[in-house]
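Structure record follows, encoded as structure tokens.
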């Protein structure tokens with residue numbers, strides 16, 4: 001039987017090791033987001049907020065990720081527009097604070113479905129409105145079949161996820 005309790009080695013990690021591991025996690029997320037077309041700073045902000053239990057001000061974010069305030073501001077707005085984070089306020093405080101969206105997984109999957117839907121509409125337009133060679137028509141038709149399959153799987157998974165969260 002496997003225990004969920006931390007090992008002695010895990011408990012002995014120094015605060016410096018834990019900070020280093022945290023920074024490594026944030027940087028790995030930054031690189032992964034960069035590969036998806038986001039700026040690395042946006043990925044760092046996302047990683048930082050993902051690990052944070054509370055909302056963070058723009059000044060705190062700027063300090064933690066080592067970015068200029070302008071860059072942090074632009075990238076928090078981008079993450080907010082993409083539905084990864086949300087801006088919140090605190091009574092009596094004029095500053096904006098940011099946190100990870102509570103339903104992050106569902107939102108990101110729905111956004112991906114919407115992007116795939118737009119691509120599907122373009123491919124469908126090509127199939128119905130263009131004079132295509134059999135090779136190209138076959139290529140686009142296979143793309144359509146794959147899209148429909150993936151869409152069905154993701155929508156089913158989202159439905160199950162939503163039902164489990166309600167319980």
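For the chain, what relative contact order do you get, as a whole percent, if you take Cα pairs closer than 8 Å and at least 6 residues apart? If you can, show how the numbers build up before the last one.
On the way: 135 pairs, mean separation 22.6, N = 167.
With pairs under 8 Å counted, the relative contact order is 14 percent.
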Problem - Whole-Å semi-axes of the chain's equivalent ellipsoid (Cα gyration tensor) - result: 38, 22, 17
Fill in the blank from the handout: When the chain is treated as a Gaussian network with springs between alpha carbons less than 10 Å apart, the largest mean-square fluctuation among 130, 140, 38 is found at 130
Exercise for the section: Using a Gaussian network model of the chain whose springs link C-alpha atoms within less than 10 Å, name the residue from 31, 153, 65 with the highest mean-square fluctuation. Expected result: 153
Handout entry: Cα-based helix-to-principal-axis angle, 15-35 vs the chain, degrees rounded to 10
Key = 20 degrees
Handout entry: Computed helical MRE - 222 nm, the chain, DSSP H runs ≥ 4 contributing -39500 (n - 2.57), nearest 500
Key = -23500 deg cm²/dmol
Completion exercise
Ranked by GNM mean-square fluctuation in the chain (Cα springs under 10 Å), the top entry among 143, 46, 25 is 143
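Sorted by average packing, counted as other Cβ atoms within 10 angstrom per residue and highest first, what order do 107-115, 79-87, 16-24 take?
Details: 107-115: 13.1, 79-87: 17.7, 16-24: 11.2.
My ranking of the peptides, most packed first, is 79-87, 107-115, 16-24.
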Handout entry: Principal-axis tilt of helix 69-81 within the chain, Cα atoms, nearest 10 degrees
Key = 50 degrees
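Each value in this text was obtained by applying a stated rule to the coordinates, not by laboratory testing. The structure displayed is predicted, hence computed values, not measured ones. For neighbour counting, all protein chains shown are included, and Cβ atoms are generated from backbone atoms with ideal geometry for every residue, glycine included.
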